[in-house]
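Here is the structure we will look at, set down as structure tokens.
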Amino acid sequence: MRTIERAMSVLEAFTQTEPSMPLHLIATRIRLSKPTTYRLINCLVDLGYLVRLSNQDYCLSLKVLHLAGQVRGTLSIREVAHETMQKLARQTDETIALNMVDGFDRVCIDAVDSSSRLVSVMRPGDRAPLGVGASTKVLLAYLPRAEIAKALDNLSRKRKINKTKLRAELQQIRDRGYAITHGEVTLGNVAVAAPISDPDGRVRYSISLSCPAFRYEPRKQEFLQLVVKGAAEISRRNGCIASSQRKSR
């Protein structure tokens, strides 16, 4: 833990006014000896987080910028989506979640809970393998074919699946523009999910509604329409001019 804290202090020593610094100045900033600082810097250079310049100064690498860009993107979509999510939660009184792909998993990055006593709980950070549940199937359906194949291979190592049947279901999701699953993640629950498009038309996120089946059945058409409409609204606010999503029928 101490080594990690020291390494982070090296990265945090750089500022907009001093984007590059020599070893001795970094050591002074983080209040460590030059030999210790040198070892930390060499490790960060080897990992690709620092760059050694021709004048022997050091600066942050583009790898750090890439990580920062990922965080900005995640924060941005939360801000873009949250108002619509709150509106959906008020309209349905059910749990609404915002999801993204992380490797072979779906990870929840924001959620608005239902006020009902019996709720489907989703928390930011909750994960599920791609291919299990509506929110994950929507994300999986819009991945490039090669990525879908890898995700299905990964899922097949964890549980028994019918790849042919699942591929057909993913095609149906792409055709319809939404996914509905019954009890795949939580027994007795139903989930409805729709894709959120980027300005370039790529699907990187999904919005989902989950609730007990007995509350879903009387309002299933309404819930579907609201989720699809909400996803399209978030896509427009996210800069997608012509959403590829189809309206529910």
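The values are calculated or read from the model by the stated rules, or taken from the named source; none is laboratory data. Predicted model only: the values in this text are computed from it and were never measured. All Cβ positions, even for glycine, are placed from backbone atoms using ideal geometry, and neighbour counts span all protein chains on display.
For (1) in contact with a helix residue (DSSP H, G or I) (Cβ under 7 Å, 6 or more places away or on another chain); (2) within 14 Å of residue 106 (Cα to Cα), each residue gets a yes or a no:
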site	(1), (2)
148	yes, yes
152	yes, yes
157	no, no
187	no, no
206	yes, yes
230	yes, no
237	yes, no
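Between 65, 44, 11, 50, the distinction of being within 29 Å of the chain's Cα centre (by Cα), outside the structural domain of residue 199 (by TED's automatic domain parsing) and closer than 30 Å to residue 235 by Cβ belongs to 65 only.
Assigned to a strand (DSSP E or B), at pLDDT 90 or above and surrounded by fewer than 22 Cβ atoms within 10 Å (Cβ to Cβ): does that describe residue 164? Full working, then the answer.
Numbers: assigned to a strand (DSSP E or B): no; at pLDDT 90 or above: yes; surrounded by fewer than 22 Cβ atoms within 10 Å (Cβ to Cβ): yes.
The answer is no for residue 164.
Selection of the stretch 105-144 for residues being at pLDDT below 90, surrounded by fewer than 20 Cβ atoms within 10 Å (Cβ to Cβ) and assigned to a loop (DSSP other than H, G, I, E, B) yields 113, 115, 116, 117, 118, 119, 121, 123, 124, 125, 126. With respect to the stated conditions, residue 123 fails to be over 15 Å from the mean Cα position of the chain (by Cα) and of a type in the set (D, E, K, R). Whether any residue in the stretch 151-159 is in contact (Cβ under 8 Å) with a residue 60 or more places away in the chain and either under 19 Å from residue 194 (Cβ atoms) or not in a helix (DSSP H, G or I) (or both) is what I want to check. Within the stretch 151-159 (the criterion being in contact (Cβ under 8 Å) with a residue 60 or more places away in the chain and either under 19 Å from residue 194 (Cβ atoms) or not in a helix (DSSP H, G or I) (or both)), the answer is no, since none of the residues qualifies.
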